[in-house]
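Heads up, the thing below is written out as structure tokens.
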Amino acid sequence: MSDEPASGEPDRVHVVGIGADGWEGLSPAARRAVETAEVLMGSHRQLALVPETTGERVPWPSPLLPALPGLLAEHAGRSTCVLASGDPMFHGIGTTLAGLLGPERIEVFPQPSSVSLACARLGWPAQDARVVNLVGRPVENLLPGLAPGERVLVLSSDGTTPAAVAELLTAHGFGPSELTVLENLGGRDERVLRDTAAQLRTSTAALNIVAVECASDRGTGRLPSTPGLAEELFEHDGQLTKRDVRASTLARLAPRPGELLWDVGAGSGSIAVEWVRSAASCRAIAVERAPERAARTANNAAALGAGSLRIVREAAPEGLRGLEQPDAVFVGGGVSVPGVLESCVEALPRGGRLVVNAVTMESESTVIEWYSRMGGELVRIGIEQAGPIGGFTAWRPAMRVTQWAVTKP
């Protein structure tokens, strides 16, 4: 039996991590992988770090990820070496290749990651530092979990990231935080800059990592990671899932790392925002037709650290067409609109979760009809809050919510 790969499939790929110290920092085995490759792939910066070889040099196109399968297929049957920054399996191209080709089709030669080098310079225990990746991601993703005394390492997108981080921290009451910007770690031009978030505003070298030692202005505290943030934290016009109902809704949606939520009829986007905040890899798409409410959803996402939330400014069910398949769906608005629940149920995979909140008699009737078809869990939630009446205190009931939760069989 031949050991050759099937036609059209890429051969085994060597993935070589390379630091700012370049060729000198590579092991003999990593150097051999580079020298003997018929095809050498990497960014222009990475390719410039290794000496000329007989292999063909292929700089990464932009955007890379959509082009990567075709690029590998184009050079199938030729020994290929891919250059990566530091540890290829830490927020690097190595994880992408492992998912695309399978782990058995790659051989990785790692170098210390930027996080390892930063912790070595700072004397920080690496296991205690929170790592936030802002490469190609909104800076607001840094916000969840910030608290006085916390240590955070930020993987920068470019030289503008440190100033953006400083501005964000200052705006949210963390201006006294000490920032250490470590440029070109491991290279001959390595440099360390230190300043407070309130003072740091200059651009830095493109290759950098930002270490944050959180300190807050008086009165700034940590937002909880549990569902049910206070209503006053959201910008809204009254179209907001109240915190007690929101906590019940998210408990039944059951977010898990890496999953995608559709928030249909998002209103102020509170469900989608809290879903994204539940784990760094959780994603959500908020579908909201009203322009002013879609704008509030965007503002809430930015203010509460859900910057990766995507907003579709269109009515359902039309706005659901062509969206990526969700793992869970929440319907808070438009429950009784023809085609909305049908589209949501059809889009879910087997095992996907659907939660619907109904307030009006019409939407409740729709929910009960679907419950009779699919089963699941039907709950009526009544909330009363104490409030003043003259010189006394009395209970003020909120509108009851009928909540239907079901897992698609």
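The values are calculated or read from the model by the stated rules, or taken from the named source; none is laboratory data. All of these numbers come straight from a predicted model, not from anything done at the bench. Cβ placement follows ideal geometry from the backbone for every residue including glycine, while neighbour counts extend to all protein chains displayed. When the accessible area is computed, the model is the full protein with side chains, heavy atoms only, and any ligands, DNA or RNA have been set aside. Shrake-Rupley method; radii C 1.70, N 1.55, O 1.52, S 1.80 Å.
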Mind checking the dipole of the chain: about its Cα centre, +1 per Lys or Arg Cβ, -1 per Asp or Glu Cβ, Debye to the nearest 20?
860 debye
Bridge orientation stat for the chain from DSSP, antiparallel percent rounded to 5, came to 50 percent
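Note the full-extension length gain between R105 and S62 as 0.36 nm times their separation in residues minus their Cα-Cα distance, in nm to one decimal. Present the calculation step by step, with values, prior to reporting the outcome.
Values: separation 43, 0.36 × 43 = 15.48 nm, distance 2.42 nm.
The span from R105 to S62 would gain 13.1 nm if fully extended.
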How big is the C-alpha Rg of the stretch 285-409 next to the rule-of-thumb value 2.2 N^0.38 Å, as a ratio?
1.24
Residue by residue, what Karplus-based ³J(HN,Hα) values in Hz, rounded to whole numbers, does the stretch 323-330 have, using 6.51, -1.76 and 1.60 with θ = phi - 60° and x for Gly and Pro?
6, 4, 4, x, 8, 8, 9, 10
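Given R₀ = 22 Å, FRET efficiency for A147-E232 by Cβ-Cβ distance, to 0.05? Could the numbers behind the result be given before it?
Values: r = 20 Å, r/R0 = 0.89.
Working from the Cβ atoms, E equals 0.65.
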Looking at the stretch 249-406, what % of its DSSP beta bridges pair antiparallel, to the nearest 5?
50 percent
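Express the accessible area of the chain per residue in Å², computed with a 1.4 Å probe while the remaining protein chains stay in the model. All intermediate terms of the calculation are to be shown ahead of the outcome.
Details: 19770 Å² over 409 residues.
For the chain, the solvent-accessible area averages 48 Å² per residue.
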Between V379, L47, A118, whose Cα lies farthest towards the positive end of the dipole of the chain when Lys and Arg beta carbons carry +1 and Asp and Glu beta carbons carry -1, centred on the Cα centre?
V379
Return the single residue from A358, A230, A294 with maximal mean-square fluctuation; model: Gaussian network over the chain, springs between Cα atoms under 10 Å.
A230
Spatial extent of the stretch 320-361: Rg and Dmax, with the Cα atoms as the point set, Å:
10.4, 32
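What FRET efficiency comes out for A251 versus E384 if R0 is 25 angstrom and r is the Cβ-Cβ distance? Round to the nearest 0.05. Provide the component values of the computation, followed by the final result.
Numbers: r = 20 Å, r/R0 = 0.81.
Once rounded, the FRET efficiency stands at 0.80.
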Contact order normalised by length for the stretch 167-296, with contacts defined as Cα pairs under 8 Å and 6 or more residues apart; what percent is it?
19 percent
Choice from A386, A206, A98 showing the highest fluctuation, given a GNM over the chain with Cα pairs closer than 10 Å:
A386
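Semi-axes of the equivalent ellipsoid of the stretch 152-240: what are they in whole Å, largest first, if each equals the square root of 5 times a C-alpha gyration tensor eigenvalue?
Working: eigenvalues 194, 37, 27 Å².
Sorted largest first and rounded, they come to 31, 14, 12 Å.
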Report the Cα centroid-to-centroid distance between the stretch 177-224 and the stretch 261-295 in angstrom, as an integer.
30 Å
Based solely on its DSSP helices, what 222 nm [θ] is calculated for the chain when runs of n ≥ 4 H residues each add -39,500 (n - 2.57) and the sum is averaged over all residues, nearest 500 deg cm²/dmol?
-7500 deg cm²/dmol
Identified option (computed volume of the Cα convex hull per residue in Å³; candidates [x] 123; [y] 181; [z] 146)
[y]
Net charge of neighbours whose Cβ lies under 12 Å from the Cβ of L26, counting Lys and Arg as +1 and Asp and Glu as -1
-1
